[in-house]
Amino acid sequence: MSSELHVDQLRKVFTTGKPPVEKAAVDNVTFTIAAGEIVVLLGPSGCGKTTTLRCVAGLEHPTSGQIRIGGTMYTDPQAGVLVPPRNRNLGMVFQSYAVWPHMTVRQNVAYPLKARGTPKAELEKAVMQALDLVELASYADRPVTQLSGGQMQRVALARSMVYQPQILLLDEPLSNLDAQLRLRLRDDLRQIIKRVGLTALYVTHDQTEAVVLGDRIGVMRDGKLLQLDTPREIYNHPADLFVAGFTGASNVIEGRLVSNDGAFGTVAVGDNQRLTARLAAGVKVDAAVKIALRADNVLMAPVTEGPNRFRATIDAQHYQGTQTVYQLGLLGARIEAMEVGSSARFEQGATIEVGLPPEICWAYPG
Amino acid sequence: MNAQASSHAIGAMKTTARQERAWMPWTWSGMLLIVLAFLVLYPTAMLLIGALTTTNPVVEGYKLSDLSIGNFLTVAANQNVAYALMNSMIACGGGTVVALVIGLSFAWVVVRTNTPCKGLIASAGMLPLFVPPLVAGVAWAILGSPKTGLINLVLAKLGIDFRFDLYSMSGMIFVFGIYYAPYVYMFTAAALRNMDPSLEEAAEISGASAARTMATVTFPLILPAIISSMLLSFVVMLGIYGIPAVLGAPANIPVLTTYIFALTAWSPPLYNTAAAVAVILMMVTGLMVYAQQKVLTGRSFTTVAGKAFRPRSLNLGPWRFLTLGLAIVYLLVVVVLPSIALIIAAFRKFLFIRDIPAIFDMKQYGWQHFIKMFDNPLTVQSMINSMKVGLITAVVGGILSFAIGYTITRSQAPARRTIDMITTIPVAIPGLVIGVAYLWAWIGLPGGLYGTFWILALAFVARFLPDTVKALSTSLMQIHRELEEAAWICGRSLFGTITSVVLPLARPGVVAAMTLLFILSIRELGSSLFLYSSGTMVMAVQLLGYYEGGNIGITAAFSLVQMVLLAVLISFTNYLSRGAAQGSVGRSG
């Protein structure tokens with residue numbers, strides 16, 4: 001049942017404020033989700049990810065662009081095509097759950113089938129199947145108001161899948177839950193969606209959620225889709241400084257590109273030291289570059305071989321129990337490095353050898 | 001008050017060295033209970049006794065010897081009582097339905113559509129709440145009396161045979177309905193506004209049509225608000241005297257309120273029968289209030305919402321001008337027409353209007369009614385009296401409400417629940433019934449309160465106690481407990497904490513509550529009717545006197561004077577409390 005989703009040149013312009021200013025909430029976003037694939041749109045609030053999702057749902061009307069699902073055109077404002085949400089056969093899970101408080105669990109889940117005029121026997125079977133899937137079968141006749149947040153969200157999930165929609169849309173479904181529950185439901189969610197084989201578009205601002213849930217992640221900022229790739233690619237080859245920073249590469253070393261050797265290059269940093277870094281598109285020799293570096297990628301002593309070995313001073317030690325974060329004085333910059341494990345090996349004031357393999361030093365145009 | 005006030009802190013600080021003074025919280029609670037018993041319980045008890053006896057309290061004093069449920073049943077079985085009760089039910093029931101239709105459509109138009117100027121429509125639509133019912137009645141009598149009503153005169157000039165007759169049951173239903181529609185509007189608009197829009201979006205995504213979404217999701221979710229607002233407006237209408245007195249009396253349609261007053265105006269006054277009918281009115285009201293509380297607490301439809309949301313707004317396209325038009329018609333009927341009627345009647349020498357151009361004949365207009373009105377020393381005297389009563393009510397009620405509010409919300413004093421409960425009792429007692437109860441409580445006691453300003457003021461304090469205590473409790477609860485605790489830690493006594501921290505922070509709320517009490521008491525008619533004497537005539541009663549004296553010009557002029565006075569006071573209160581007043585002014589009718 002699940003279908004492919006094509007979003008093509010999607011653009012949504014809002015006019016706000018006095019005097020009215022036009023602002024593109026979604027700016028020429030294009031992507032495709034294969035049938036059965038889970039794509040997560042990730043970005044800070046206001047980046048346009050929810051607006052994109054609501055355009056797919058038909059709840060929001062884009063200014064221009066096209067949305068096709070399973071080969072059928074659903075949204076094409078230029079051609080006057082705008083299929084209302086009820087005719088799109090999509091499932092949606094809302095941030096606020098949006099389970100109807102005046103109905104029982106069963107009534108909530110049966111609602112979409114009733115709206116479709118499904119015969120009673122078939123309806124009851126489908127409802128119980130959906131409730132089984134989310135492990136709420138024994139709660140079927142409870143009023144939803146008596147459920148916990150996590151259970152309500154599972155009701156919402158069952159309701160959105162019970163009619164086998166073409167695509168499942170999830171709008172920050174876990175952000176109202178407490179931390180522990182969020183972790184558990186996060187893993188369940190992927191399993192359930194995969195078991196049913198649904199195509200899913202998932203929106204979140206939480207990187208770990210995106211990594212765990214998504215087959216591919218699309219990072220958005222200011223209405224633009226910056227990079228759409230597998231989690232591995234996003235975390236190891238971020239397309240630009242923002243994607244690198246947003247996914248956790250919080251260290252930035254400024255320098256100047258001395259030579260370009262193809263994929264890698266030499267960068268002059270700090271007190272005339274040289275560092276080999278992987279070059280992103282657009283960096284030029286003799287121009288300023290910024291090198292992004294993940295704290296957890298810094299190799300700490302003993303480092304005996306490979307390029308990019310430097311001496312660093314430990315300026316501060318922040319012991320966090322299961323890991324330790326060090327503040328390093330390195331290459332004339334302050335660099336954070338992380339050591340996993342409950343024993344902190346280095347004390348403040350020590351000088352140690354660190355290694356920054358070129359593969360993890362990403363140079364972007366400064 | 002000082003010593004007692006500091007005493008219930010000890011209730012909160014059980015482990016302090018001053019534990020031996022544990023009797024002090026009890027003294028404080030006991031004092032509040034005595035005051036409440038005096039204000040609320042004693043008059044109510046006397047009313048019940050009055051309903052169960054046949055002795056006249058003025059002539060024979062109070063006797064408990066002939067107490068019998070039989071006396072009450074005799075009255076209850078009386079045909080006239082049944083007739084008045086039936087009329088009350090029809091008038092208030094019909095009025096409630098009209099109010100529901102208008103209020104709900106208004107709420108939908110304002111919250112859910114893109115009708116132009118809806119902010120303006122919303123605020124103008126609330127204006128009827130501020131109009132005293134008697135003034136509303138007078139205005140509509142001027143507009144719609146069958147022979148001389150302005151609307152009927154215009155219809156006659158236009159050659160249309162149809163005549164409106166507001167002196168009728170349907171007239172009462174109509175005026176009730178349009179003036180109490182704002183209640184339904186307030187409740188349902190709030191419910192619609194606070195509803196998470198994704199609840200409806202989820203229905204749409206699920207495949208439901210717009211109509212199905214409305215019927216299965218939107219409507220059931222605001223149903224508690226609808227029922228509760230209907231019950232509330234029904235209760236308020238049930239206690240109104242002014243509108244049925246003006247519109248029902250000429251057509252000989254007694255309702256419970258007008259019937260009770262007629263009984264005490266009889267010669268000799270039938271105080272026992274009045275008390276018995278008042279008890280019936282109180283029972284009906286109590287039942288409705290109970291039902292309303294049930295509806296409100298029984299089903300809690302609050303749902304979790306992660307982000308602030310904007311209510312969904314339906315694009316009506318060209319139809320939005322139709323909704324705008326309907327809203328304008330409503331405002332025209334409810335605000336503009338009555339105002340014009342009052343102004344014409346107040347400034348015109350004679351209300352008879354020969355033809356339509358004559359309406360604009362300026363020679364016909366002048367200040368003569370105002371001059372005549374102020375020539376009557378009773379007019380000014382009644383205004384001064386109202387101010388006096390209002391002032392006493394505001395001060396006494398303000399202090400008492402603060403003491404009760406603080407005790408209920410902040411202290412650990414014993415019997416807090418009981419105090420809270422007694423405080424809420426007057427919600428279920430219409431003003432007019434409180435008037436009868438106070439009459440029964442004090443008329444037979446020589447040298448007592450009867451005939452003084454105090455009996456009016458105390459009755460008003462009791463009547464408005466639930467509203468003011470609730471308003472003050474809300475503003476007290478907004479003061480974070482830690483602010484007080486910080487002052488204690490700094491070494492202040494409880495009384496010092498209250499005066500140096502709580503009162504300054506709660507001051508806007510206290511001032512607003514006092515101003516509100518002042519406004520409510522100068523417009524109160526129902527309870528004043530039974531409690532004024534020749535020396536304590538108040539404005540609202542004086543206005544009724546002018547109306548019943550048959551002088552429409554002076555009645556209209558005095559109505560305008562009172563409206564202007566109220567408008568000034570209400571804008572002042574609104575300025576102090578940003579709109580908190582409007583709900584409460586409305587609630588008390």
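Computed quantities for the displayed model
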read-out	value
Candidate set from the range B:385-400 (those that are in contact (Cβ under 8 Å) with a residue 60 or more places away in the chain and of a type in the set (A, V, I, L, M, F, W, C)); member that is farthest from B:P25 (Cα to Cα)	B:M387
Unique match (being within 7 Å of chain B (Cβ to nearest Cβ), in contact with a helix residue (DSSP H, G or I) (Cβ under 7 Å, 6 or more places away or on another chain) and without any contact (Cβ under 8 Å) to a residue 40 or more places away in the chain) among A:R106, A:R142, A:R86	A:R86
Residue ID - surrounded by the fewest Cβ atoms within 10 Å (Cβ to Cβ), chosen from residues in the range B:401-417 that are under 15 Å from B:T27 (Cα atoms) and of a type in the set (S, T, Y)	B:S411
Identity of the residue in the range A:114-126, in contact (Cβ under 8 Å) with a residue 24 or more places away in the chain and assigned to a helix (DSSP H, G or I), that ends up nearest to the other protein chains (Cβ to nearest Cβ)	A:A115
Considering residues of the range A:42-68 that are outside any loop (DSSP other than H, G, I, E, B) and either of a type in the set (A, V, I, L, M, F, W, C) or in contact with a helix residue (DSSP H, G or I) (Cβ under 8 Å, 6 or more places away or on another chain) (or both) only, the residue surrounded by the fewest Cβ atoms within 10 Å (Cβ to Cβ)	A:S64
Pick from the range A:214-237, criterion part of a helix (DSSP H, G or I) and in contact with a Ser or Thr (Cβ under 8 Å, 6 or more places away or on another chain), ranking: surrounded by the most Cβ atoms within 10 Å (Cβ to Cβ)	A:I234
Restricting the range A:91-113 to residues that are in a helix (DSSP H, G or I) and in contact with a Leu (Cβ under 7 Å, 6 or more places away or on another chain), the residue that is nearest to A:S2 (Cα to Cα)	A:L113
Test: A:L279 is crowded, with 19+ Cβ neighbours inside 10 Å, touching a residue at least 12 places away in the same chain (Cβ under 8 Å) and outside the structural domain of A:R216 (by TED's automatic domain parsing)	yes
Only one of A:A263, A:A210, A:A200 that is of a type outside the set (S, T, Y) and either in contact with a Pro (Cβ under 6 Å, 6 or more places away or on another chain) or outside the structural domain of A:T32 (by TED's automatic domain parsing) (or both)	A:A263
Counted residues, the range A:24-41 - those being part of a strand (DSSP E or B) and either closer than 18 Å to A:D171 by Cα or without any contact (Cβ under 8 Å) to a residue 40 or more places away in the chain (or both)	10
Matching helices (runs of 4 or more DSSP H) fully within the range B:161-263 where at least 1 residues are more than 12 Å from chain A (Cβ to nearest Cβ) and buried (at least 24 other Cβ atoms within 10 Å of the Cβ)	B:169-194, B:219-238
Residue match in the range A:162-170 (condition: in a helix (DSSP H, G or I), of a type outside the set (A, V, I, L, M, F, W, C) and more than 10 Å from every other protein chain (Cβ to nearest Cβ))	no
Whichever residue in the range B:292-321 is among the charged types (D, E, K, R) and at pLDDT 60 or above and, among such residues, is surrounded by the fewest Cβ atoms within 10 Å (Cβ to Cβ)	B:R310
Only listed residue being closer than 23 Å to A:G265 by Cα and in contact (Cβ under 8 Å) with a residue 24 or more places away in the chain, chosen from A:A316, A:A301, A:A333, A:A344	A:A333
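The values are calculated or read from the model by the stated rules, or taken from the named source; none is laboratory data. Owing to the predicted nature of the structure, the values given are computational and were not obtained by experimental measurement. Glycine also receives a Cβ, built like all others from the backbone with ideal geometry; neighbour counts cover every protein chain displayed.
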